[in-house]
Amino acid sequence: MNRYLAEFYKNDMKSNSEDLLSAILPLLKLLSLTVIGLFLAHPKTQIIPRATFKLLSKLVFALFLPCLIFTELGESITIDSIARWWFIPVNVLISTFVGCLLGLLVVIICRPPPEYKRFTIVMTAFGNTGNLCLAIVGSVCHTSNSPFGPHCHSRGVAYVSFAQWVAVILVYTLVYHMMEPPLQFYEVLEERTEIEEQRPVNDISRPLLIEAEWPGIEEKETEHSKTPFIARIFNSISSRSTSTFPDIDINGDTSGSSPMSIRCLAEPRVVRKIRIVAEQTPIQHILQPPTIASLLAIIVGTVPQLKSYVFGYDAPLSFITDSLQIVAGAMVPSVMLILGGMLAEGPNDSKLGLRTTIGIIVARLLVLPLLGIGIVTLAGKLDLLVADDAMYRFVLLLQYTTPSAILLGAIASLRSYAVREASALLFWQHLFALFSLSVYVVVYFKLLPAM
């Protein structure tokens, strides 16, 4: 009996150590790539200049990532799979909503400066559901004893890519307007950033994180992108404030003799304000190369005739997809090298406060993943998830685990609001995420068989 128990204990310990090793090794690979990037970009070594990292980020954005999304999502997706994967984009919305609630809690407990209350909520709510998730999935599936079964990488990339369109829409609509400079603090913020805004368009000193996921952001600035545009409209602003918007007649007044018939036909003020806000929403920026690649992959993948021409060993255009797959192989190492280059720049000075910074990091990287485990487990019990697919659940859990999206730094720069605070917070979040992700990936590997 004792011999049997000893053998059982030995086998159990061996199984646990193998599970732990299979969870940690992929993250060690990513950590190694990040350290290499940090070493290459560190100011003391400066083996590779910052301009090279910015060029690499543009290649990731315009070439490597679209190639990866198209080849993996296009081959995996079908009309039936779209119906089965519906919870993936819904989970992005749920994680964002829960993150907003946590952000409100951070505001109540940590009491950040009044001008950074919305910034605190945004940085807690919106996570990196794109590049970092793809890097983790690629590394996890690169091990010989991966627990996710056959076609691990293709399924994982397809799941992550399928969620990206929701995240992109949220960033270019909700986040864009939430990151608007607060009206009551606009004059103060304007004075503080007046000198910084005089930088040339292609200024090499612009932080890498600002362009890491949105190269060419300086070309996207509009007349009102750096002003509290919505607040001025909806607060019935004074004539002095409205003078900066001469092309917009908020009151809908018609000069001269206005007959009652024209006034009745005039657009209601609330409707007019909403229309003006919609016109100022940069929805056109949604059609970026990764989003276009996702749309093309969905179109090609759901039309069997097109799919047979593009994907498969005997497909007439298989040589093109093979070439795209070779290019896509550079995505994961490039993303981690860029992350290392970002960390090498170090944190900027921040007026957010130490207590609020710690509060956001704890809420985003420690509390939200715990809530995510509960939400995904509940969804599984309600039969809302794909049955017997561990990778599907793993991707859902990752959406709660990653640090704030690097794209938020680009939006902060575009709106000229909390740029230094976003840079500093993203630095500390990604630094701490190297450890929190390692812990939670091990936890997920233990929980997935039972979920």
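According to the square roots a ≥ b ≥ c of the eigenvalues of the Cα gyration tensor, what is the shape class of region 280-344, taking rounded for a/c under 1.5, prolate for a/b larger than b/c otherwise, and oblate for the remainder?
Verdict is oblate for region 280-344.
Sorted by packing (mean other beta-carbon atoms within 10 Å per residue), highest first, where do 365-375, 308-318, 332-342 land?
332-342, 365-375, 308-318
Which order, highest average first, do 286-293, 93-100 follow once you tally other Cβ atoms within 10 Å for each residue and take the mean per peptide?
Per-residue Cβ counts within 10 Å, averaged per peptide and sorted highest first, yield 93-100, 286-293.
With a 1.4 Å probe and all protein chains kept in place, how do ARG393, ARG364, ARG420, ARG118 rank by accessible area, largest first?
Highest to lowest solvent-accessible surface, that is ARG420, ARG118, ARG393, ARG364.
In region 380-451, what percent of the accessible surface is made up of carbon and sulfur (1.4 Å probe, ligands and nucleic acids excluded)? Display every interim value, and only then the final one.
Values: 1530 of 2290 Å².
The computed percentage sits at 67.
Structure shown: which of LYS29/LYS58; LYS29/LYS446; LYS29/LYS381; LYS381/LYS446 lie over 27 Å apart, alpha-carbon to alpha-carbon?
Flagged as over cut-off: LYS29/LYS381.
Given a 1.4 angstrom probe, what's the average accessible area per residue across region 107-157, in square angstrom?
Accessible area per residue: 37 Å².
If you roll a 1.4 Å probe over the heavy atoms of the protein chains, what accessible area per residue do you get for region 44-96, in Å²?
Ligands and nucleic acids excluded, the result is 44 Å² per residue.
Can you give me the % of accessible surface on region 98-185 that is carbon or sulfur? Probe 1.4 Å, all protein chains present, nothing else counted.
For region 98-185, the apolar C and S fraction of the accessible surface comes to 68 percent.
Can you tell me which of 49-62, 402-415, 158-171 comes out highest on packing, and rank the rest after it, using the mean Cβ neighbours within 10 Å?
Packing order, densest peptide first, comes out as 402-415, 158-171, 49-62.
The values are calculated or read from the model by the stated rules, or taken from the named source; none is laboratory data. The model shown is predicted, which means the values in this text are computed figures rather than measured ones. Counting neighbours? That spans all protein chains shown, and the Cβs are built from the backbone with ideal geometry, glycine included. Only protein heavy atoms, including side chains, enter the accessible area calculation; ligands, DNA and RNA are left aside. Shrake-Rupley method; radii C 1.70, N 1.55, O 1.52, S 1.80 Å.
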